[in-house]
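Please read the structure below before turning to the comments.
The values are calculated or read from the model by the stated rules, or taken from the named source; none is laboratory data. In this text the structure is predicted, and so the values were computed from the model without any measurement. Using ideal geometry, Cβ is built from the backbone for each residue, glycine included, and neighbour counts are taken over all protein chains shown. Ligands, DNA and RNA are stripped out before the accessible areas are found, and what is left, the full protein with its side chains, is counted by its heavy atoms. Shrake-Rupley method; radii C 1.70, N 1.55, O 1.52, S 1.80 Å.
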Amino acid sequence: MSFVDIFLSIVNSSKLLFYLKAVDNFIWGPPLLILLVGTGVFFTFSLGFIQIKHLPLALRYVFGSQRLENGVKGDVSSFGALTLALAATIGTGNIVGVATAIKVGGPGALFWMWMAAFFGMATKYAECTLAVKYRIFDENGEAAGGPMYYIKNGLADRSYSGILSKAFACFGIFVGCMGIGTFTQVNAIVDSVKITFGIPSMQTAIVISTLVFLVTIGGIKSIVRVAQFIVPFMAISYVLSSVVIIALNIGSLPSVLSLVIQSAFSRTAATGGFLGASIMMAMQFGVARGVFSNEAGLGSAPIAAASAKVKSPAKQGLISMTGTFFDTIIICTMTGIVLIITDSWKGELAGAYMTSQAFSSVLSIGSYVVGIGLMFFAFTTILGWNYYAEKCTEFLFGVKAILPFRMIYVVLVFIGAFLTLDAIWILADIFNGLMAIPNLIALAALRKIVISETREYFNSLESEK
């Protein structure tokens, strides 16, 4: 029996799944949910509802950020850094994750995804602002930043900074290699290719692994070139298809929105293949899947933000903040409404199959929209998380570890095609939660720096006027 066979038999065993579920429920219990949302609430109020007040400015920056700022060090444009972050966030969470949340937590889970995203925008602003402020440039001349650096450098005088920074980097590697980055994405692609084209898992795994190797070997600029092409095109195509389905069922939209609100604050009764859900289930799965999708508070997007050629930390914070808006407020909402408006959430199907059935029940090309969209979204997420986990590896072991890490990552991408859905999602949830903890502690400790940077930036804008 090969090493891969032994690894798969262990991960897919029912006994291990039982213990993983217990760990997952403990990590994603009320304390972490309160910490995640509470951090967003704090920054929302302390920054004067920045995600509402300055969203128009942030969007203007996004669509004008392709131009590089002269005389500023960095690897890619601010737009490139945003598409890298979106490449890592727009993935299975937007299609499979939303379906999983609503299947288990009911329609009310969508409301809690909105809440997580709304407050998460303020959190994303804070962490990406800190990422640019405390970034460094490594011996290869590339930018290196993220929570491990603002923990180490921003909290240099704290006794726990060394432990927290290393803990974040370790969890970041695990999330990239065994959570969001590989297993969930590859498994979703394999399922999608099977549903749409009937291609066997082995062939799909070989193709994905080869493509990941060819792109990631070129580093961040190669990844960003691919992301800048795929992410906007597929996001717009997916959203337009969703809008068409909603428009064809526009008469049901008010009742769908009403159901979402009602289910968020009351128990959802069993109906069809849906087994019913409590308020806590809706909240837990909504917030957990919302964080899985937009990654606000996890500390992943700051790693991409640190690569931007931008002078002001606050400006990049505003640009990065829109990633949560695009990811959850727009794309996840589209998926959720389509699932509810077509009553697909009541059926027996789950995951990618459930979303595919929802789209194909209205559009003749619906299964292709979901299948192809999922393939591209998941593929770019694999690329984005390769970069994130690579930077965490560099932080712990230096630049010499980058190439070996890339080789290992490609092998894990291949293995991910053969894991079960339950094991994949539970592992991803566990590592997500562990990664968020040191980042959220650092955000709380550096809150005054975020507020100071924000005030300084907007005062300078007022002075220019």
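Mean shadow of the range 90-143, computed from the convex hull of its alpha carbons, in nm²? The partial results should precede the final answer.
Values: hull surface 21.0 nm².
Across all orientations, the range 90-143 yields a mean hull projection of 5.2 nm².
How large is Rg/Rh for the range 179-228, to two decimals, with Cα atoms and a Kirkwood Rh? Walk me through the numbers before you get to the answer.
Numbers: Rg = 12.2 Å, Rh = 11.8 Å.
That ratio is 1.03, to two decimals.
In debye, nearest 20: dipole of the range 384-465 around its Cα centre with unit charges on the Cβ of K, R (+) and D, E (-)? Don't jump to the answer; show the numbers that get you there.
Values: 7 positive and 8 negative charges, 36 e Å.
Magnitude of the dipole: close to 180 debye.
Which order do VAL23, VAL399 take by accessible area at a 1.4 Å probe, largest first?
Order by accessible area, largest first: VAL23, VAL399.
Using a/c under 1.5 as the rounded threshold, could you call the range 147-260 rounded, prolate or oblate? The axes a ≥ b ≥ c are square roots of the C-alpha gyration tensor eigenvalues, and prolate needs a/b larger than b/c, oblate otherwise.
Details: a/c = 2.30, a/b = 1.43, b/c = 1.61.
Here the range 147-260 falls in the oblate category.
Enter the accessible area of LYS346 (Å², nearest 10), with the probe set to 1.4 Å and all protein chains included.
70 Å²
Based on the mean of other beta carbon atoms within 10 Å per residue, what is the order of 235-242, 378-385, 170-177, 199-206, most packed first? Before the final figure, lay out each step's value.
On the way: 235-242: 17.9, 378-385: 27.9, 170-177: 25.6, 199-206: 14.5.
Most protected by this proxy first, the peptides run 378-385, 170-177, 235-242, 199-206.
Hey, could you get me the Stokes-Einstein D for the range 78-173, Kirkwood radius over alpha-carbon pairs, 20 °C and 1.002 mPa s, rounded to whole µm² s⁻¹?
Numbers: Rh = 15.8 Å.
Answer, rounded: 136 µm²/s.
Which net charge results for the neighbourhood of THR324, defined as the other residues with beta-carbon distances under 10 angstrom from its beta-carbon, given Lys and Arg at +1 and Asp and Glu at -1?
On the way: positive: LYS124; negative: GLU295, ASP327.
Result for the local shell: -1.
I'm checking a number: the convex hull volume of the Cα atoms of the range 342-407, normalised per residue, in Å³. What is it? Mind showing how you got there, number by number?
Values: hull volume 6.7 nm³, N = 66.
Measuring per residue, one finds 102 Å³ for the Cα hull of the range 342-407.
At 1.4 Å probe size, what's the solvent-accessible area of GLU390? Round to the nearest 10 Å².
Roughly 10 Å² of GLU390 is accessible to a 1.4 Å probe.
About its Cα centre, what dipole magnitude does the chain give when the only charges are +1 on Lys and Arg Cβ and -1 on Asp and Glu Cβ, stated in debye to the nearest 20?
Values: 29 positive and 22 negative charges, 126 e Å.
My answer is approximately 600 debye.
Given the DSSP H assignment, sum -39500 (n - 2.57) over each helix run of at least 4 residues in the chain and divide by its residue total; what's the result at 222 nm in deg cm²/dmol, nearest 500?
Numbers: 23 runs with 339 residues, N = 465.
Helix contribution divided over all residues of the chain: -24000 deg cm²/dmol.
Given the options GLY218, MET234, PHE183, identify the residue whose Cα lies farthest towards the positive end of the charge dipole of the range 131-236 (+1 on Cβ of Lys, Arg; -1 on Cβ of Asp, Glu).
Among GLY218, MET234, PHE183, the one farthest towards the positive end of the dipole of the range 131-236 is MET234.
Residue-wise, which Karplus ³J(HN,Hα) couplings in Hz belong to the range 45-61, taking 6.51 cos²θ - 1.76 cosθ + 1.60, θ = phi - 60°, and x for glycine or proline?
The phi angles translate into 6, 6, 9, x, 6, 4, 6, 9, 4, 10, 4, x, 5, 4, 5, 5, 4 Hz.
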